[in-house]
1. Can you tell me which residue in the range 117-160 is nearest to ligand 1 (Cβ to nearest atom), limited to those that are under 14 Å from Ala74 (Cβ atoms) and among the polar types (S, T, N, Q)?
2. Within the range 237-253, restricting attention to residues that are free of Cβ contacts under 8 Å to residues at least 60 places away in the same chain and either closer than 21 Å to Val185 by Cβ or out of contact with any strand residue (DSSP E or B) (no Cβ under 9 Å at 6 or more places or on another chain) (or both), which residue is farthest from ligand 3 (Cβ to nearest atom)?
3. Output the qualifying pairs, or none if there are none: Cβ atoms under 7 angstrom, residues six or more apart or on different chains, first residue in the range 51-77 and outside any helix (DSSP H, G or I), second residue aliphatic (A, V, I, L, M) and surrounded by 19 or more Cβ atoms within 10 Å (Cβ to Cβ).
4. Any idea which residue in the range 108-167 is farthest from ligand 4 (Cβ to nearest atom), counting only those that are among the polar types (S, T, N, Q) and out of contact with any strand residue (DSSP E or B) (no Cβ under 9 Å at 6 or more places or on another chain)?
5. One residue is enough: does the range 29-37 have a residue meeting the conditions over 28 Å from Leu233 (Cβ atoms) and touching a helix residue (DSSP H, G or I) at 6+ places or on another chain (Cβ under 8 Å)?
6. What helices (runs of 4 or more DSSP H) lie completely within the range 138-256 and have 3 or more residues being surrounded by 16 or more Cβ atoms within 10 Å (Cβ to Cβ)?
7. For the range 24-58, which positions are touching a strand residue (DSSP E or B) at 6+ places or on another chain (Cβ under 6 Å) and acidic (Asp, Glu)?
8. Does the range 163-170 include one or more residues that are touching a Leu at 6+ places or on another chain (Cβ under 8 Å) and more than 30 Å from Trp81 (Cβ to Cβ)?
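The values are calculated or read from the model by the stated rules, or taken from the named source; none is laboratory data. Everything numeric in this text was worked out from a predicted model, so none of it was measured. Every residue, glycine among them, receives a Cβ derived from its backbone with ideal geometry; neighbour counts consider all protein chains shown.
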Amino acid sequence: VELEAELRDALRREELTVSYQPIVELATGRVTGFEALARWTHARRGIVPPGVFVPLAEETGAILPLGRWVLARACSEAVRWRADAPDAPPVGVSVNVSGRQVEDPSFVDDLRAVLTATGLEPSSLTLEITESVIMRDSETTLRFLREVKSLGVRVAIDDFGTGYSSLAYLQRFPVDVLKIDKAFVDQVAQGGNDAAIARTIVSLAETLGLRTVAEGIERPDQHAGLRLLGCQLGQGFHYARPLGAHDAAAFLRQRR
Ligand code: G
Ligand code: G
Ligand code: MN
Ligand code: NA
């Protein structure tokens, strides 16, 4: 209960920050974007992991102001990357969106306002929604996706393959990217079930005209295996951990 109250104050106290994990093109190593990840460093408790405070924020509803803040922060950071190298190909930013936000009737207005205020090109923003949230209520999801897409913003399905869902929804829902869950990346180079599942996801994405991002790549063999399967993009400790804004900009200067 105390942590809950403190989370509400955390934004005001500026204890929250956003880290950025590079997303790279597997064939070239070029950085094409970053995933924005919220971080909470409590004055007394130290680092509170997102695995703790994100579910708490979802329960209490604090995820709405928190999510708005992360979105605005990430979009203005992305505009800065662009300004650093105006002639380079644009670098995108991906922001996680929780189920509460998908159900929030003012989300799309807030999103439009953030895009206007920051000047970020909508196509440089990707919203990540987990497969389980997408599957929750198809009418709400469909309305959300249509409104977001009408702004020109992209959508990724996060943790793809873990939701045990019908694949039929992919035909109905306008999405752009499938993020292959780390669970299928771990043993992808060993040629067993992980490789079979990853191959199937990549081929499904190709058929539907979607891009694939593999998550949690930690080793060169996973990088090589995924590249061989035709997966276009990847992220993970093999390339970089989530970086503070300053380090992310420096990483980008070397690798864009
Ligand atoms: O940051 P880390 O890699 O530990 O992420 C843990 C979990 O917290 C992930 O599931 C991630 O998607 C989630 N998460 C991190 N930042 C945000 C955020 O800004 N909003 C939401 N909804 N989830 C986030
Ligand atoms: O649920 P989501 O995919 O948004 O969460 C991303 C989470 O994965 C973040 O908590 C991030 O810190 C973590 N992560 C990113 N790369 C790696 C990796 O290579 N290995 C592991 N174990 N976790 C990773
Ligand atoms: Mn994510
Ligand atoms: Na994931």
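1. Going through the qualifying residues, I end up with Thr126.
2. His246
3. From residues that are outside any helix (DSSP H, G or I), the pairs are Ala62/Leu7.
4. This residue is Thr116.
5. There is no residue in the range 29-37 that is over 28 Å from Leu233 (Cβ atoms) and touching a helix residue (DSSP H, G or I) at 6+ places or on another chain (Cβ under 8 Å).
6. Output list reads 138-150, 193-208, 220-229, 245-255.
7. Glu25, Glu35 - these are the residues of the range 24-58 that are touching a strand residue (DSSP E or B) at 6+ places or on another chain (Cβ under 6 Å) and acidic (Asp, Glu).
8. Among the residues of the range 163-170, at least one is touching a Leu at 6+ places or on another chain (Cβ under 8 Å) and more than 30 Å from Trp81 (Cβ to Cβ), which makes the answer yes.
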